[in-house]
Each structure stands twice: as C-alpha cells, then as structure tokens.
Amino acid sequence: MTSTPSLVADTTTLLNRGPVIPVVVLDDAARAVPLARALLAGGIDTMEITLRTATALDSIRAVADQVPEMAVGAGTVTSVAQLDRAVDAGATFVVTPGATPTLVEAGLDSGIPFLPGAVTASEVVALLEHGVETMKFFPAASSGGPAALRALGGPFPQVRFCPTGGIGPGDASDYLALANVDCVGGSWIAPADLVAAEDWDRISALCRATRELRIVG
Ligand code: 3PG
C-alpha cells in the first residue's frame, strides 16, 4: 500500500483544504500526473479521481507516486472491492456517492479518510449511527440544492457537508455560504474537453478562479 494518510488526517481536514474538490474522470492514465500538476499550479492540492473508467486506479497510483503534495482520492466508490483497490492504488481518501452499512464499515476501517454520500434525513441518520458526521451531499443540485442543505442544518447542526453534483462556478458560492458546508465538489475545474485537449493552462486558470469563491464562503 502506498497511501499517504498523513497528507489528509481526517475528513474535516479534507473538507478544509480548499473551497473546491475537483471531480475528475480520466480516460488516459498518462494525463493524471500533468493534470495533478496543473491543479497544483492553480492552487488546488486535492483531487478526486472517479472510478468510472478502466484507467482510474492507474491514474490514482501515478499521482500518489509522482505528485506527493497532491491529496489524490478515489471517487464513485460503490463496493468494498473498489474501496480495497483504491486503497491499494494509494488513494489518500475515498468518496462514495451513497452508503450501505457494509460499505461504511469498510470505509471506516480502511485507514484513510472516508467521505460517504447522503441526501435525505434518513440517510444522514444512518451515517450518524456509524459515527460519521462529515458527508458528501449528492446529487446536490437535483436534491434541493442550498435550500435542502440549509434545512438539514436544523436537525443536524453537527453534520458538515461537501455537496457535489450539478454545481458550477455560477452557484458554488451559494453552497459555500451555508453554515454546514465547508467545500463543494465539481467537474467544472477539470472538464473532460480540456483534459482531452491537455489544456493544462486553462485548467490552472479555472483553479485560480475558485479563489474568488473563498471570499464569499
Ligand atoms: C460526482 O461524482 O461527484 C459528480 O458526478 C460530479 O458532478 P458534476 O459533474 O455535476 O460536477
């Protein structure tokens, strides 16, 4: 195992590394390291590589090995087998879009920060039963957006959220302004077309634009 847990001690640290966690889909592992360096050049030192492509694990491994200052996590983890493979590849943290008791127990046992998804009050309660108070809120926009998160803050004032799904530069600040949101996740920082074009300068520029979000949040 090549994971570097010291880079991100826990999910609270993870959510406070910056206002945005780029959610990345990589079709070519050779682009993983240049992308990580482009994000760093733009001031973002956290990235979530989703396990939606055959190259995702190799991409995580490459970044973990070659860009040690980047906290590279695995996203779209939906099974214990995927979780194990992500840890083996060197993921610094793991994100799941939803949660089952089996997956949550494995995630909490994995030895790296684990950010499971919840969107309803019942799903939040289920995670609280496992002692999880830091959650992904997915899919954010179609699940009520900032209004839903504000409402969840009533009964669950202790829960911190990272909303993801359908968020862009136009509304990220609306989420970051909420008392129970520390960061948002989104693919707009490293969009597929710019990654395919290997337009690293434009991706770095998109990263730098998130600094304005921090002022509002
Ligand atoms: C995720 O996996 O978190 C989301 O698919 C990212 O959503 P977005 O592409 O709408 O930003």
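The values are calculated or read from the model by the stated rules, or taken from the named source; none is laboratory data. Everything quoted here is computed from the prediction, not taken from an experiment. Here Cβ is always computed from backbone atoms with ideal geometry, including for glycine, and neighbour counts include all displayed protein chains.
Count of the stretch 159-187 residues, restricted to those that are touching a Leu at 6+ places or on another chain (Cβ under 8 Å) and surrounded by fewer than 16 Cβ atoms within 10 Å (Cβ to Cβ), is 1.
The residue that is surrounded by the most Cβ atoms within 10 Å (Cβ to Cβ), counting only those in the stretch 28-52 that are under 30 Å from THR102 (Cβ atoms) and either out of contact with any helix residue (DSSP H, G or I) (no Cβ under 8 Å at 6 or more places or on another chain) or among the hydrophobic types (A, V, I, L, M, F, W, C) (or both), is ILE49. The residue that is farthest from the ligand (Cβ to nearest atom), counting only those in the stretch 167-198 that are in contact with a Phe, Trp or Tyr (Cβ under 9 Å, 6 or more places away or on another chain) and farther than 20 Å from THR13 by Cβ, is LEU194.
Within the stretch 118-134, is even one residue without any contact (Cβ under 8 Å) to a residue 24 or more places away in the chain and buried (at least 19 other Cβ atoms within 10 Å of the Cβ)? Yes, the stretch 118-134 has at least one match. Just give me the residues in the stretch 168-201 being closer than 17 Å to ASN16 by Cα and either β-branched (Val, Ile, Thr) or assigned to a strand (DSSP E or B) (or both), in sequence order. Within the stretch 168-201, VAL181, VAL184, GLY185, GLY186 meet the criteria.
Is it the case, given these coordinates, that SER59 is hydroxyl-bearing (Ser, Thr, Tyr) and either modelled with pLDDT under 95 or surrounded by fewer than 22 Cβ atoms within 10 Å (Cβ to Cβ) (or both)?
Numbers: hydroxyl-bearing (Ser, Thr, Tyr): yes; either modelled with pLDDT under 95 or surrounded by fewer than 22 Cβ atoms within 10 Å (Cβ to Cβ) (or both): no.
It is false that SER59 is hydroxyl-bearing (Ser, Thr, Tyr) and either modelled with pLDDT under 95 or surrounded by fewer than 22 Cβ atoms within 10 Å (Cβ to Cβ) (or both).
So, ALA71, is that one farther than 17 Å from ILE112 by Cα and in contact with a Leu (Cβ under 8 Å, 6 or more places away or on another chain) or not? No; evaluated as a whole, the condition is false for this residue.
The single condition from (1) buried (at least 19 other Cβ atoms within 10 Å of the Cβ); (2) within 25 Å of LEU26 (Cα to Cα); (3) not polar (S, T, N, Q) that ALA205 fails is (1). Examine the stretch 80-89 for a residue that is crowded, with 24+ Cβ neighbours inside 10 Å, within 16 Å of the ligand (Cβ to nearest atom), outside any helix (DSSP H, G or I) and at pLDDT 95 or above, and state whether such a residue exists. Scanning the stretch 80-89 turns up no residue that is crowded, with 24+ Cβ neighbours inside 10 Å, within 16 Å of the ligand (Cβ to nearest atom), outside any helix (DSSP H, G or I) and at pLDDT 95 or above. Suppose we keep only residues that are of a type outside the set (A, V, I, L, M) and farther than 18 Å from SER187 by Cβ within the stretch 62-77. Which one would you say is surrounded by the fewest Cβ atoms within 10 Å (Cβ to Cβ)? Ranking the qualifying residues of the stretch 62-77, first place goes to GLU69.
Within the stretch 33-76, the set of residues being part of a helix (DSSP H, G or I), in contact (Cβ under 8 Å) with a residue 40 or more places away in the chain and away from the ligand (no atom under 16 Å from the Cβ) comprises PRO34, ARG37, ALA38, ALA41, ARG61, ALA64, ASP65. Could you please find all residues in the stretch 138-165 being more than 10 Å from the ligand (Cβ to nearest atom) and closer than 20 Å to THR11 by Cα? If the condition is that a residue be more than 10 Å from the ligand (Cβ to nearest atom) and closer than 20 Å to THR11 by Cα, then LEU149, LEU152, GLY153, PHE156, PRO157, GLN158, VAL159, ARG160, PHE161 are the ones that fit.
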